[in-house]
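One structure is given below, encoded as structure tokens.
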Amino acid sequence: MVMDTVDGRPAGNAASIRATAQAMARAGSAAAVILVEGLTDQLALETAAALRGRDLEAEQVVIVPIGGAHAISRTLSALIIPSAQDGLLRPGAAPDQAPPPPSIGPAVPQRSARPPIPPRAASPAIPPRTASPAVPQRAADPAVPPDSAGSADSLRPAPLVARTRLAGLCDVREEQIFRRGLEAAGLGSPRTRAEMEHLGFHVCIDDLEDELIRAVGVSGVTALFMSQRDLRSFHSFQKQPAWRGQDTRAQMHRFVRSSSRRNLRYAQLLVEAAVAANALPRPLDAVLNAV
């Protein structure tokens, strides 16, 4: 399959799967994790951070494109793993090896074969069976002294969210899906957008591209189309029966999203234009500030 690329970054479904796997592998040692729906969101945030002088790799901030909003529960489950000790482990951590079962007494030698009994000879009297020696009780594992022991919960390994800052970005159409995912993961029960933001998760209206097009403005987007030699193609698109006479911003939105390669390219270009105009959309600004 031929793969489109943008600045060396592959585009397409296979690329999305690979990017998710790579980001999840790095999340285990991250100081902060940002969950986003796809590659476009990841590129937009990485571009915005770089233009603001931040080095996300040095800060150990990992942006994970989860492959669509419906993957939020699955992704959170992978990041917050129950261990064999009923605790929680960070991503990539392996449960402690279970110790072998302790021995409860000395090994019993194999019983030797009984000698043959002579024919018709009286069997020797079998002495009464003596009671087996008592098996000593297994010593209790070393315990925390009673005066300093905490609750069971306090002794569990901390989950990812207790050690690592967690944030996220989604489109307004997927807001409810993200809320349910956060609740299912035990991270809170956000009922309002403000409660979502309190947990570090922010919402684009209507989506990332719409936020960026509004921030840059119709004239700014037109200038970008011209600089990228896409203006003629855009004018041809505007004449299509389904889009003729529609709102210009809506036309721009559809044109930008018409291919994965174009979508990635303009995500970066629009973020660059928005940052230059000091107009980075609030959801993007807020999620970066959250980490």
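The values are calculated or read from the model by the stated rules, or taken from the named source; none is laboratory data. All of these numbers come straight from a predicted model, not from anything done at the bench. We place every Cβ from the backbone using ideal geometry, glycine too, and count neighbours over all the protein chains shown.
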Exactly one of (1) under 30 Å from Gly53 (Cα atoms); (2) modelled with pLDDT under 95; (3) among the small types (Gly, Ala, Ser) is unmet by Ala185. Its number? (1)
Somewhere in region 252-260, is a residue within 23 Å of the chain's Cα centre (by Cα) and surrounded by 14 or more Cβ atoms within 10 Å (Cβ to Cβ)? yes
Helices (runs of 4 or more DSSP H) wholly inside region 174-291 that include at least 2 residues being of a type in the set (S, T, N, Q), in contact (Cβ under 8 Å) with a residue 40 or more places away in the chain and under 28 Å from Val62 (Cβ atoms): 260-276
Residues that are on the phi < 0 side of the Ramachandran plot, modelled with pLDDT under 95 and loosely packed, with under 15 Cβ neighbours inside 10 Å: find the helices (runs of 4 or more DSSP H) completely inside region 1-74 holding 3 or more of those. 13-27
Out of curiosity, is Phe255 in contact with a helix residue (DSSP H, G or I) (Cβ under 6 Å, 6 or more places away or on another chain) and over 30 Å from Ile177 (Cα atoms)? no
Is there a residue being at pLDDT 95 or above, under 33 Å from the mean Cα position of the chain (by Cα) and of a type in the set (A, V, I, L, M) anywhere in region 228-245? no
